[in-house]
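This report concerns only the one structure given below.
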Amino acid sequence: MTEPSMSEGELAKMKELLELAKITEHQITELADFTLEINQKYEKRLAEIRVAKKLQTSGFEYP
């Protein structure tokens, strides 16, 4: 008769680690999405500032 490769305690610990890995992966995905959203808002605002500066140098007012 062969012995199981993992004890019940080891198996439970591995299941717990797998669940933590899944949670961590989900949180990383949410953080990446949030970071992308912030970056897009920053890029949009930066473009607006650049346009405003160009318009000001041309003598136009920008709201």
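The values are calculated or read from the model by the stated rules, or taken from the named source; none is laboratory data. Model, not experiment: these values are computed from the prediction. Just the protein is used for accessible areas: all its heavy atoms, side chains included, with ligands, DNA and RNA removed. Shrake-Rupley method; radii C 1.70, N 1.55, O 1.52, S 1.80 Å.
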Of Ser5, Ser58, which has the most accessible area with a 1.4 Å probe, and how do the rest follow in descending order? Ser5, Ser58
What accessible area per residue, rounded to a whole number of Å², is obtained for the chain using a probe radius of 1.4 Å? 99
At 1.4 Å probe size, with the rest of the protein present, what percent of the exposed accessible area of the chain is carbon and sulfur atoms? 61
